[in-house]
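**Q** Just dropping this structure here.
The values are calculated or read from the model by the stated rules, or taken from the named source; none is laboratory data. On a predicted model such as this, the values are computed, not experimentally measured, just so you know. A quick note on method: Cβ atoms are made from the backbone with ideal geometry, for glycine too, and the neighbour counts reach across all protein chains shown.
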Amino acid sequence: MADNIGFSSVNYVKGKNVEFYKVLRQRVNGYFKEKNISRHANSAMVFKTICMVSLYIIPFVLILTLNIESWAVIGLWALMGIGMAGCGLSVMHDANHGAYSKNPAVNSFIGKILIILAGNPANWRIQHNVLHHTYTNVTNYDEDIAPPPAILRFSPHTKRYKIHRFQHFYAYFFYGLMTITWFINKDYSQAMRYKKLDLLKTQGLTFKKHLRNIIVNKVVYAAIFIALPFWLSPASWYVTLSGYLLMQFLCGFILGIVFQPAHVVPTSTYPMPDKSGDIEADWAVSQMYNTANFAHESRLFSWYVGGLNYQVEHHLFPNICHIHYRKLSKIVKSTAEEFEVPYHSYATFMGALKEHTKMLYDLGNKDVAPAIH
């Protein structure tokens with residue numbers, strides 16, 4: 001945290017366009033009332049859940065049971081990586097936002113999918129729901145723009161090192177290490193940090209219970225997804241190890257290239273609190289400046305990434321299931337235009353990645369001044 005300002009002391013100051021979100025919520029509420037539909041999952045979402053979990057589990061079962069050639073085993077591990085990312089993007093994400101079902105028990109159960117993806121649900125909710133969504137692109141508060149500082153620089157308010165000059169080349173490799181670091185050390189370091197910041201209470205957890213959950217979950221995960229393949233798979237140990245690492249790398253890489261182009265782009269403003277903890281922006285308007293959509297015309301891509309190509313809609317309405325984002329985007333865009341609020345959207349996914357890469361270059365080679373609004 002910057003300047004010893006606690007999280008509870010940081011406030012968005014109501015300012016220009018404060019009516020934007022009020023009017024937008026009325027229109028979105030009116031949409032669901034007019035259509036007489038739930039904000040949560042429908043049968044299509046349930047079908048997607050089955051598809052994504054199957055894409056992760058079925059290849060794993062085949063790895064354990066079939067006597068197949070090494071190249072095929074590697075292919076199955078790769079499918080698991082794609083399925084692993086799909087479970088995180090399309091299923092777990094909605095559930096841990098409380099958007100999958102109106103029943104909290106259902107959300108809690110489905111959100112625990114993160115355990116079989118080597119992560120901890122409580123840590124994820126603190127990092128993502130509590131910090132990232134509340135303090136989007138606020139340096140020292142949003143952990144999504146706080147990678148290891150000696151390796152990557154995602155904010156113009158952090159120190160620039162010489163190595164950052166090349167981050168637009170090597171950043172994508174480090175994205176691939178995301179989930180393996182969850183398993184090895186990140187959950188433990190986050191648990192210690194969240195204890196210090198008194199954030200575990202947001203999840204109704206004591207540090208002792210939280211640490212116990214992390215350890216038990218890691219042991220169960222390791223027994224199933226690491227020990228079993230080495231024990232039961234007919235493939236040689238080095239093929240199994242290579243396949244497991246490939247799965248983790250593909251999953252982390254996919255997650256990185258989906259999430260980062262939504263926030264680390266040239267249009268982002270990176271707001272900062274003053275000495276009193278005030279951020280000179282309305283929360284919803286700040287989301288519009290610091291979030292971007294992409295590939296809105298690609299139905300298949302949107303299906304796989306859980307509607308997270310509609311990051312603007314997700315950040316404004318995280319408790320609404322992503323299956324509604326495409327239609328809600330029309331309401332959000334027209335309301336933004338009416339209130340003269342930006343609505344950033346890249347036509348293609350590759351276009352968004354290009355802008356993200358440009359921002360990585362600028363952050364690594366210049367003392368970039370954030371956009372002003």
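**Q** For the subset of region 106-116 comprising residues that are surrounded by fewer than 22 Cβ atoms within 10 Å (Cβ to Cβ) and of a type outside the set (Phe, Trp, Tyr), which member is farthest from the chain's Cα centre (by Cα)?
**A** My answer is Val106.
**Q** Which fully enclosed helices (runs of 4 or more DSSP H) of region 186-255 have 2 or more residues being within 21 Å of Met92 (Cβ to Cβ)?
**A** Numbers: elements: 187-196, 207-222, 228-232.
Ranges flagged: 187-196, 207-222.
**Q** Now a separate question. Looking at (1) assigned to a helix (DSSP H, G or I); (2) buried (at least 22 other Cβ atoms within 10 Å of the Cβ), find the lone condition where Asn309 falls short.
**A** Exception for Asn309: condition (1).
**Q** Residues that are in contact (Cβ under 8 Å) with a residue 60 or more places away in the chain, crowded, with 19+ Cβ neighbours inside 10 Å, closer than 30 Å to Leu64 by Cα and not β-branched (Val, Ile, Thr): does region 231-242 have at least one?
**A** Within region 231-242 (the criterion being in contact (Cβ under 8 Å) with a residue 60 or more places away in the chain, crowded, with 19+ Cβ neighbours inside 10 Å, closer than 30 Å to Leu64 by Cα and not β-branched (Val, Ile, Thr)), the answer is yes, since at least one residue qualifies.
**Q** Hey, another quick one. Enumerate the pairs (first residue in region 168-191 and more than 15 Å from Ile215 (Cα to Cα) and touching a residue at least 40 places away in the same chain (Cβ under 8 Å); second residue anywhere and among the small types (Gly, Ala, Ser) and surrounded by 16 or more Cβ atoms within 10 Å (Cβ to Cβ)) with beta-carbon separation below 6 Å, excluding pairs fewer than 6 apart on the same chain, so at least 6 apart or on different chains.
**A** Short answer, once both residue conditions are applied: Tyr175/Gly252; Tyr175/Gly256; Gly176/Gly252; Leu177/Gly252; Met178/Gly252; Met178/Gly256; Thr179/Ala118; Thr179/Gly252.
**Q** Among the residues of region 307-340, what is the count of those that are at pLDDT 95 or above and either β-branched (Val, Ile, Thr) or at positive phi (or both)?
**A** Of the residues in that region, 7 qualify.
**Q** So, in region 141-159, of the ones that are of a type in the set (D, E, K, R) and surrounded by 18 or more Cβ atoms within 10 Å (Cβ to Cβ), which residue ends up nearest to the chain's Cα centre (by Cα)?
**A** Asp144
**Q** Is there a residue in region 265-282 that is part of a helix (DSSP H, G or I) and either touching a helix residue (DSSP H, G or I) at 6+ places or on another chain (Cβ under 8 Å) or modelled with pLDDT of 95 or more (or both)?
**A** No, that holds for no residue.
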